[in-house]
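Every number here is computed from the coordinates shown, using simple stated rules; none is lab data. Treat the numbers as computed from the prediction; the structure is a model and nothing was measured.
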Amino acid sequence: MKLDPKYLRTRSCKVEDIDETRKLYKEAAKLMWEQKGVGLAANQVGHNKRWFVWQHGMVINPEIISETGSTPSKEGCLSFPGRTTTVRRAKIVEVRYIDEQGKSKDKKLVGLPAIVFQRELDHLNGVCLF
């Protein structure tokens, strides 16, 4: 992974060129799967832009619209292999983003998808677990 530590603690910039960003999807997803991750944020691979990949595809310019409930979540990070910590996450999140096809999505996420979305969005907001 190409890692620039300054990006891990810096809020990422909004993606303006959706088509150019979508071209990064396959390479980023491949890297995530090779590393046995469930998500990989742009700033973890040297891009200071608001996108990430996860099991469900690519997420561009993500937003959390609402959060419900709270649950502890034991989490790790591909940027810090072997380390874990417990954080509190919303149980349910309603989100908005653009997918790898360039389509706007509004979704309600529960369980692991909700946790992963929140974790990767933390990355894009410059919030680092370690």
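Normalised by residue number, the volume inside the convex hull of the Cα atoms of segment 5-124 is 95 Å³ per residue. Applied to segment 53-59, the Karplus parametrisation 6.51 cos²θ - 1.76 cosθ + 1.60 on θ = phi - 60° returns per-residue 3J(HN,Hα) values of 10, 8, 4, 9, x, 10, 10 Hz, with x for Gly and Pro. Taking the centroid of alpha carbons for each part, segment 74-116 and segment 1-57 are 13 Å apart. What is the diffusion coefficient of segment 1-68 in µm²/s, taking the Kirkwood radius over Cα pairs and the Stokes-Einstein relation at 25 °C with a viscosity of 0.890 mPa s? Taking Rh from Cα pairs, D becomes 198 µm²/s. Partners of Lys103 within straight-line reach, counting lysines whose Cα lies under 25 Å from its Cα and excluding those fewer than 8 residues away in the same chain: Lys14, Lys23, Lys26, Lys30, Lys49.
Kindly provide the helix-only [θ] at 222 nm of the chain, computed as the sum of -39,500 (n - 2.57) over DSSP H runs of four or more divided by all residues, to the nearest 500 deg cm²/dmol? Walk me through the numbers on the way to the answer.
Details: 4 runs with 32 residues, N = 130.
Calculated at 222 nm, the ellipticity per residue is -6500 deg cm²/dmol.
For segment 67-75, putting each phi into the Karplus relation 6.51 cos²θ - 1.76 cosθ + 1.60 with θ = phi - 60° gives couplings of 10, 9, x, 8, 8, x, 9, 7, 10 Hz, in residue order, rounded to whole numbers and with x for Gly and Pro.
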